[in-house]
1. Here are some residues: Ala271, Ala280, Ala267, Ala253. Which one is within 19 Å of Tyr351 (Cα to Cα), of a type in the set (A, V, I, L, M, F, W, C) and modelled with pLDDT of 50 or more?
2. For the stretch 319-348, what are the residues that are over 17 Å from Phe281 (Cβ atoms) and part of a loop (DSSP other than H, G, I, E, B)?
3. Residues Asp65, Asp81, Asp117: which one is touching a residue at least 60 places away in the same chain (Cβ under 8 Å), surrounded by fewer than 14 Cβ atoms within 10 Å (Cβ to Cβ) and not hydrophobic (A, V, I, L, M, F, W, C)?
4. Only one of (1) closer than 21 Å to Ser152 by Cα; (2) buried (at least 22 other Cβ atoms within 10 Å of the Cβ) is not met by Leu316, so which one is it?
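The values are calculated or read from the model by the stated rules, or taken from the named source; none is laboratory data. Computed from a predicted model, the values in this text were never measured in an experiment. A quick note on method: Cβ atoms are made from the backbone with ideal geometry, for glycine too, and the neighbour counts reach across all protein chains shown.
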Amino acid sequence: MKNIVFFILLFLSGYLLHAQQTDFTGLWKGTMYNDTTGQFYKYEIGISYEKNKYSGFSHTYFLQDDKEYFGVKKLNIHVNDQGKVIIRDDGLIANNYPEAPARGVKQTNILTLERKDSIMILEGPYSTNQTKTYHAVTGYIKLERKNDYWKSALIPHLQELGKAQSLSFVKPDSKLHPDQNIDAEKIIHIYKPLPRNTVSTVLPVAVGTQVENRNELKSVVRDPSSSQLSAFEKNAIPEEDKTLQKDVRNISALNRVSERQESITSANRVAITDPPAAHAFERVTILEQTVEFSRDSLQLSLYDNGEVDGDTVSVLMDGQVLLARQGLSTTAIRKTIYIEPERDEVVLVLYAENLGKIPPNTGLLVIHDGKSIYEVRFSGDYQKNSAIRFRRKR
């Protein structure tokens, strides 16, 4: 009997040691299901570890009547004797709820840490305490750890509240979308559409490329294989210019990112006389997400992605300005786009006209394709655009 007890204690101590040694700091994104309402809510947690202590913040949000509502809470976090990750509310620090939040109501999550292949998962039940006014609420949480914390809903809020650096995984003085994390395969080229009444195809050097021997090569044509070119434009490109496309494709666009280290202010970069998206074709464009669509019309809704701080964007569709200088807020800016049935691909570019009070410019794009809904978090500055590629389901 003593031996059995000894082996059980040994097993539990080993399990607890494994849970405590596993690094589960970072950004966790997923959903929170409410048993009472039967609804899922977007839920994010940032977990930090410093001085032998866990702490963190949570972000919950939902969309209702073209309005985005959010709440940011401080968290107490620890691992119990059974290896469970216990997360408790420690105060609401920011929100824009339509009604004042209930006082004295706090949420407790009891989550299990699992690893499935290369994916780390936190999941388990949650509950709130009962008060004289409110009954206890129960539900279930499922989260996955993410590396792209600059695409989160939580981190921009914390940055604008001056609390992002309190998370150990957000490096001091790091950018929200650091250059070193840009995947070269995510950099795409955007081009100015050709005027309909001209056959001229020679344009300035494509965005994000470097060309060696610039004295000999004065200009570069668009890649004739690009899906953004019409059949007329492809045929109009002289054969001698087509040979230059290899020079464009073979040079990494990341070189241009590293060159842009100069400090550029809103006052001297965006002049009042500039047209919308004046420098879109000079900036590196990052593909944030590819969305497959099935309908000929898509409804777009734009929101700010944090505290409303004056972020202004322009939106381009295949190089043409679709929305000019739109100020982002928690109320939706809506636009319906129509895509010809024969078109299989469209590229949408989000261009930062300014950086708001706190850089960078961040936002949320919600796409309605019939009953399908997609949400894309994006960020930009005076060096980078964000892009979403739409591909038709056939």
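1. Ala280 is the lone residue from the list that is within 19 Å of Tyr351 (Cα to Cα), of a type in the set (A, V, I, L, M, F, W, C) and modelled with pLDDT of 50 or more.
2. Across the stretch 319-348, the qualifying residues are Leu328, Ser329, Thr330, Ala332, Ile339, Glu340, Pro341, Glu342, Arg343, Asp344.
3. Asp81
4. Unmet for Leu316, out of (1) closer than 21 Å to Ser152 by Cα; (2) buried (at least 22 other Cβ atoms within 10 Å of the Cβ): (1).
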